[in-house]
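Since the structure comes first, as structure tokens, the remarks are kept for the end.
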Amino acid sequence: MDAVQTGVTPAGRTQPEGVTPSVAQLTFDDWFGGVDDATKALVDQHVRGLKSALDAERADRKAAEKALRDTASKLEAGSAARVDLEAQAERVAATERRASFYEVAHAAGVADLKLAWLAAESSNLFTRRGEPDIEALRQQHPALFGAPTAPRAPGNAGAGAGQSPAPSRSMNDFIRASAGILPR
């Protein structure tokens, strides 16, 4: 192929200049399935490293929250320093709870994570341990999970109802028909 090369497709083929690949059809799983084993191993190793860093960060946050609460308990009750430390510990706990919610909600297939967080927070849909109660959220707000919509009634609404549109005729077709010229 003598065309100027501008990019490489997931299967390793090159795209000629002026041709744009269809990004909407490409998913990560499709791409990942087409790469060699060495690349898969590198990506898996990188993902494991990111997950371990995330777990370490969460453990550090929990330790910091516990240290803040322990220090606050040693201060005089009602003092400004104790109130400030308790408020900081609460902010750390809220951040951890939100991060945990986003992770669990994403895995459960929630379409709008921010809206789901607001719904869960306003309805207090968390367990005693602070974990999100996804089943309660699913029962109270099924639309957040991309629940199927009601089936459409059959009718000839064209492509909007999943049917082919009614044949359309232009003014030229009418003029040709009245002149006795057969349609093309």
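The values are calculated or read from the model by the stated rules, or taken from the named source; none is laboratory data. Quantities reported herein were computed from a predicted structural model and do not represent experimental measurements. Virtual Cβ from ideal backbone geometry, glycine too; neighbours counted across all protein chains shown.
Residues in the stretch 42-74 that are more than 28 Å from GLU103 (Cβ to Cβ), out of contact with any Leu (no Cβ under 7 Å at 6 or more places or on another chain) and surrounded by 10 or more Cβ atoms within 10 Å (Cβ to Cβ): SER73 only. Pairs linking a residue in the stretch 18-34 that is within 18 Å of ASP44 (Cβ to Cβ) to a residue that is surrounded by 10 or more Cβ atoms within 10 Å (Cβ to Cβ) and modelled with pLDDT of 55 or more, with Cβ atoms under 8 Å and 6 or more positions apart or on different chains, are PHE32/LYS40; PHE32/VAL43. Take GLY109 and tell me if it is surrounded by 11 or more Cβ atoms within 10 Å (Cβ to Cβ), free of Cβ contacts under 8 Å to residues at least 40 places away in the same chain and at positive phi. So GLY109 fits the description; yes. The set of residues from the stretch 129-184 being of a type outside the set (A, V, I, L, M), closer than 16 Å to ALA111 by Cα and at pLDDT below 75 comprises GLY146, PRO148, THR149. Scan the stretch 60-96 for residues that are among the small types (Gly, Ala, Ser), modelled with pLDDT under 80 and under 33 Å from the mean Cα position of the chain (by Cα) and the total you get is 1.
For ASP44, the stated conditions hold: it is over 28 Å from TRP117 (Cα atoms), within 23 Å of the chain's Cα centre (by Cα) and at pLDDT 80 or above.
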